[in-house]
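Structure first, then comments.
The values are calculated or read from the model by the stated rules, or taken from the named source; none is laboratory data. No experiment lies behind these values; they were computed from the predicted model shown. Every residue, glycine among them, receives a Cβ derived from its backbone with ideal geometry; neighbour counts consider all protein chains shown. Please note that ligands, DNA and RNA were not included when accessible areas were found on the heavy atoms of the full protein model with its side chains. Shrake-Rupley method; radii C 1.70, N 1.55, O 1.52, S 1.80 Å.
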Amino acid sequence: MLHNLPPDPDCALSLRKLSKFYGEFLALDRISLDIAHGEKIVVLGPSGSGKSTFIRTLNRIEPHDSGVLMIDGEVIDDKTSLPLLRGAVGMVFQNYNLFPHLTVLENCILAPRLVRKAHRDATESLARAYLDQVGIGEQADKYPIQLSGGQQQRVAIARALCMAPDIILFDEPTAALDPEAIKGVIGIIDSLAERRITTICVTHEMGFARHIADRVVFMDKGVVLEASPPEQFFTAPQSARARQFLDQMIHHA
Amino acid sequence: MRLLTCLLLCLAALLSSASVRAQERPSFIENNTLSVCTNPTLPPMTFVNGADLSAIDGFDIALARELGALWHVPVTFKTMDFTGLFPSLAAGRCSLVISGVLKQAAREHLFDAVAYLDTSPVIVAPSQIAPVTSFEALAGQSLAVESGTSYAARIEEINRTLISRGKPPIALQQYPSEDQVVQQVLVGRSQNFLSQDVELFYRQAQLGGKLHVIFSPSLPGYSEFALYLRRSGQDKALLAAAIDTLKRQGKITALEKKWNVGKAARAALGVTSERPRFNTATFFSALFSMAFLKGAVMTLVIALASHAAAIVISIPIALKLNAPRSLWHPFLRAYVAVFRGAPTLLQLLFIWNALPQFFPIFREGWFSPFLATWICLSINESAYQVEINRAALSAIDPGQLAGGQALGMSPSQIYRHVIFPQALRVALPPTINEFISLLKTTSLASVISLQELLFITQVQVARSFEFTEYYAAALVYYLAMVFAFLHLQKRIETRFVWASRASAGGKTGPRIESPTDGTEASRHAA
Ligand SMILES: Nc1ncnc2c1ncn2[C@@H]1O[C@H](COP(=O)(O)OP(=O)(O)O)[C@@H](O)[C@H]1O
Ligand SMILES: [Mg+2]
């Protein structure tokens, strides 16, 4: 029924019949969704269901082919300024994609300096503040290769935060982390929500999803089959596909 | 009225006298200078007499200066490889070839020739070999001659006669310069060599009495040295008249005496002293000479300039070739294939000798050996550099591009600050290897007369005949340069601290590339 309503300008993100093709292949099939400011969304679904593609359309790294994508009341299309859009929608990749030739601090200040033309001193102190916030302030002058996976993840988050985004997209942030580090990421995402930053997080980690999600979005074959609060999703999933998925996850865990 | 007629007459007289004087000067004198192409490796005719390359000297050089004086024009010399002389004359790079070249019918098909000095061919062999009286006595023996001269064709002709008489042919060995021809007999690789008498007179002092003339054949076409010029109107007659004038003035006889090429010289043959095998003094004076230093600097400069240009050319080509297929692909692939496929020496000779025949603009003075070499080596090297760059660019994780995009950086910002600094680390070691190889390739440019290290060496050897000493000095320079760059390569690799956990450990080291400005000191002090 969301399909036929106009997009909601009061939402952080409002999607209507959003579709994406890779050549002939339909990767996203008419996704309609409203996400409120400060909401924590977790995207679940089997591998290849289009989760990564979905969050990549939200910052236009993969432009959508049809439908409406509205962010903070603005319709996003090929006329949208990419630096502005990506300033508003940050992203943390599964393998972090840190710049190995730059120190942690330089990783954080490169984009603000180049894209925002921000002043060096201000950017640097901001970056140090964010690094402190994610708990790796003392690593600022090290190179990524000197850090553990969990520390690199935090650098990636701090780097995204330095652009002062309203929305942050996470693609499997916990995939390479031990349980201790996962707890840390949960804490960080919670603190983002307190600052009304909207987070959309793709994961395979059920415990993590249950912990942080305000709502779980379940995808299969490019279609959003469910979007419901975690209590409801994990206890009484609506679709047969989601039940099957949860069964599998539990058996494999 | 009468005044006007008088004026007109005076004017006509002036004009006609001017035109008579202009006729005296041949048309090959352009821009009021006589420019002469010469290969200064043929003492005593034309050679570098001293440590400095500009000090070319000899009978031919002095003769050119006499001609210049006669026509009241300054003389400029363009020095080059023997094989480049006639292409350069044809290309209009010089007015005359004055380079101890024999007067021969084959050359006169294409150019005009004016004889200026009598000579005789000589067969030379080690001193213990007895004289002979015919070519038949040389059947089955080896004979060294200079390539690019017509000796080879003449010997082939004699060989046909020998074979028809059931005798084994003379084994011909060709070498690119006269000094190398002589050296083959000295080191025992050839039994004899064929040259002109004038050279032997001059070489006597250097040969240490080890060689002597065993046969002076009378070969038509080897009995006169000639000046060569492009065929054009009265030029030949005017040049012949000028030579006659110099003869009448006794100038030519004086030069013969000075350079020991006249008939008197024959008497002096064979009086010599022994020479040391390796003259340490020569070696060190070559090593520390201005000429070698300049040659080494030239080698370094041309290599650096060529590689810099090659890198500039290769980066956009590598980016295009790594991008999805486009219309450019076949052309860029062909570019890389052609310039990697063709021998560098051939490319140099093509640019220097063939290009001016299609585009006369390349005959002009600004198109120097340096420029030709630079263009050639830049293009040639860029073809190799493209492959290095492509490999380096594809070694970068595509996630780096996505990472930059997600931060709102533009493609050019991502390339400049993210991709290139990382690709640089991958590309730098093979690039320095390429550079070292290029540094040595520059020696090929000696064939188009670029005055780099090998050219200087060859000129000095031709003058002095001290092969080992000058080759050793050149070797020292090449090795010093190569080792310096190998050392640099090592140093640079250790500077990429971010690339490995081991070297990045502990204190943060210095970095090659920093996208941010301002001082880094405060950070590193921490
Ligand atoms: N760049 C691409 N080109 C073509 N097909 C792609 C591309 N990226 C993803 N796909 C395909 O789209 C589908 C969804 O991929 P993805 O979004 O990565 O799934 P998930 O993240 O849920 O595992 C898969 O079938 C995948 O093969
Ligand atoms: Mg994925």
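Can you say whether A:Phe218 is over 23 Å from B:Gly399 (Cβ atoms) and within 16 Å of ligand 2 (Cβ to nearest atom), as far as the supplied structure shows? So A:Phe218 passes the test.
Screening B:Ser449 on (1) more than 29 Å from B:Lys78 (Cα to Cα); (2) in contact with a Ser or Thr (Cβ under 9 Å, 6 or more places away or on another chain) shows it passes everything except condition (1). Would it be correct to say that A:Arg86 is within 10 Å of another protein chain (Cβ to nearest Cβ), touching a helix residue (DSSP H, G or I) at 6+ places or on another chain (Cβ under 7 Å) and open to solvent by 20 Å² or more (accessible area, probe 1.4 Å)? No: the conditions fail for A:Arg86. One residue is enough: does region B:158-173 have a residue meeting the conditions open to solvent by 50 Å² or more (accessible area, probe 1.4 Å) and in contact (Cβ under 8 Å) with a residue 40 or more places away in the chain? The answer is no, given that none of the residues of region B:158-173 is open to solvent by 50 Å² or more (accessible area, probe 1.4 Å) and in contact (Cβ under 8 Å) with a residue 40 or more places away in the chain. Give the residue that is nearest to the chain's Cα centre (by Cα), with candidates limited to residues of region A:139-167 that are more than 10 Å from chain B (Cβ to nearest Cβ) and β-branched (Val, Ile, Thr). Filtering first and then ranking leaves A:Ile167.
Answer yes if at least one residue in region B:133-147 is open to solvent by 60 Å² or more (accessible area, probe 1.4 Å) and not in a helix (DSSP H, G or I), and no otherwise. Yes, the conditions are met somewhere in region B:133-147.
Run down A:Ile157, A:Ile109, A:Ile145 and say which single residue is of a type in the set (A, V, I, L, M, F, W, C) and touching a Ser or Thr at 6+ places or on another chain (Cβ under 6 Å).
Numbers: A:Ile157 fails: touching a Ser or Thr at 6+ places or on another chain (Cβ under 6 Å); A:Ile145 fails: touching a Ser or Thr at 6+ places or on another chain (Cβ under 6 Å).
Among A:Ile157, A:Ile109, A:Ile145, only A:Ile109 is of a type in the set (A, V, I, L, M, F, W, C) and touching a Ser or Thr at 6+ places or on another chain (Cβ under 6 Å).
Looking across region B:410-465, the residues that are out of contact with any strand residue (DSSP E or B) (no Cβ under 6 Å at 6 or more places or on another chain) and not in a helix (DSSP H, G or I) come down to B:Ser410, B:Leu450, B:Gln451, B:Glu452, B:Phe465. Looking only at residues of region A:113-133 that are facing another protein chain (nearest Cβ under 9 Å) and in contact (Cβ under 8 Å) with a residue 40 or more places away in the chain, we find that the one that is nearest to B:Arg416 (Cα to Cα) is A:Val115. Out of A:Asn97, A:Asn107, which single residue is within 25 Å of B:Phe496 (Cα to Cα), polar (S, T, N, Q) and at the interface with chain B (Cβ under 7 Å from one of its Cβ atoms)? Residue meeting the stated conditions: A:Asn97. Residue-level check: of (1) within 16 Å of ligand 2 (Cβ to nearest atom); (2) open to solvent by less than 40 Å² (accessible area, probe 1.4 Å); (3) not hydroxyl-bearing (Ser, Thr, Tyr), A:Phe99 misses just (1).
Would region A:182-201 turn up any residue that is within 16 Å of ligand 1 (Cβ to nearest atom) and among the hydrophobic types (A, V, I, L, M, F, W, C)?
Step one: list which residues in region A:182-201 are within 16 Å of ligand 1 (Cβ to nearest atom), which gives A:200-201.
Filter once more, keeping what is among the hydrophobic types (A, V, I, L, M, F, W, C): A:200-201.
Within region A:182-201 (the criterion being within 16 Å of ligand 1 (Cβ to nearest atom) and among the hydrophobic types (A, V, I, L, M, F, W, C)), the answer is yes, since at least one residue qualifies.
Figure legend. Inter-residue proximity from region B:472-499: first residues within 14 Å of chain A (Cβ to nearest Cβ), second residues part of a helix (DSSP H, G or I) and of a type in the set (Gly, Ala, Ser), beta-carbon distance below 7 Å, spacing 6+ or different chains. Indicated pairs: B:Val497/B:Ser503; B:Val497/B:Ala504; B:Trp498/B:Ala504. For region A:33-53, filtered to residues that are touching a strand residue (DSSP E or B) at 6+ places or on another chain (Cβ under 9 Å) and open to solvent by 20 Å² or more (accessible area, probe 1.4 Å), the residue that is farthest from ligand 1 (Cβ to nearest atom) is A:His37. Checked against (1) touching a strand residue (DSSP E or B) at 6+ places or on another chain (Cβ under 8 Å); (2) within 16 Å of ligand 1 (Cβ to nearest atom); (3) touching a residue at least 60 places away in the same chain (Cβ under 8 Å), A:Glu226 meets all criteria but (3). Checking B:Glu136, B:Glu178 one by one, the residue that is of a type in the set (Asp, Glu) and closer than 29 Å to B:Val48 by Cα is B:Glu178 and no other. Can you pull out every residue in region B:334-368 that is out of contact with any helix residue (DSSP H, G or I) (no Cβ under 6 Å at 6 or more places or on another chain) and closer than 21 Å to B:Ile388 by Cα? Once the filter is applied, which keeps residues that are out of contact with any helix residue (DSSP H, G or I) (no Cβ under 6 Å at 6 or more places or on another chain) and closer than 21 Å to B:Ile388 by Cα, region B:334-368 yields B:Ala334, B:Tyr335, B:Ala337, B:Val338, B:Gly341, B:Ala342, B:Pro343. Mind checking whether some residue in region A:63-82 is in a loop (DSSP other than H, G, I, E, B), open to solvent by 50 Å² or more (accessible area, probe 1.4 Å) and within 16 Å of ligand 2 (Cβ to nearest atom)? Within region A:63-82, not a single residue is in a loop (DSSP other than H, G, I, E, B), open to solvent by 50 Å² or more (accessible area, probe 1.4 Å) and within 16 Å of ligand 2 (Cβ to nearest atom). Of all residues in region A:6-27, those satisfying the criterion of being open to solvent by 20 Å² or more (accessible area, probe 1.4 Å), within 17 Å of A:Lys51 (Cβ to Cβ) and touching a residue at least 40 places away in the same chain (Cβ under 8 Å) are A:Phe21, A:Leu26. Taken over region A:140-173, the residue count meeting the criterion of being of a type in the set (Val, Ile, Thr) and open to solvent by 10 Å² or more (accessible area, probe 1.4 Å) is 1. State yes or no: is B:Leu89 in a helix (DSSP H, G or I), within 25 Å of B:Glu452 (Cα to Cα) and at pLDDT 90 or above? Answer is yes for this residue. Of the set (1) over 23 Å from B:Pro411 (Cα atoms); (2) open to solvent by less than 60 Å² (accessible area, probe 1.4 Å), all apply to A:Arg60 but (1).
In region B:397-418, the residues that are facing chain A (nearest Cβ under 9 Å) reach residues that are open to solvent by 10 Å² or more (accessible area, probe 1.4 Å) and of a type in the set (Lys, Arg) with C-beta atoms within less than 7 angstrom, at least six apart or across chains, in these pairs: B:Ala406/A:Arg86; B:Leu407/A:Arg86; B:Gly408/A:Arg86. Per the listing B:Arg248, B:Arg231, the residue uniquely under 28 Å from the mean Cα position of the chain (by Cα) and surrounded by fewer than 22 Cβ atoms within 10 Å (Cβ to Cβ) is B:Arg231. Of all residues in region A:221-235, those satisfying the criterion of being surrounded by fewer than 20 Cβ atoms within 10 Å (Cβ to Cβ) and touching a Ser or Thr at 6+ places or on another chain (Cβ under 9 Å) are A:Lys221, A:Val223, A:Leu225, A:Glu226. Find the residue count for region B:373-392, including only residues that are of a type in the set (Ser, Thr, Tyr) and open to solvent by 10 Å² or more (accessible area, probe 1.4 Å). Qualifying residue count for the region: 1.
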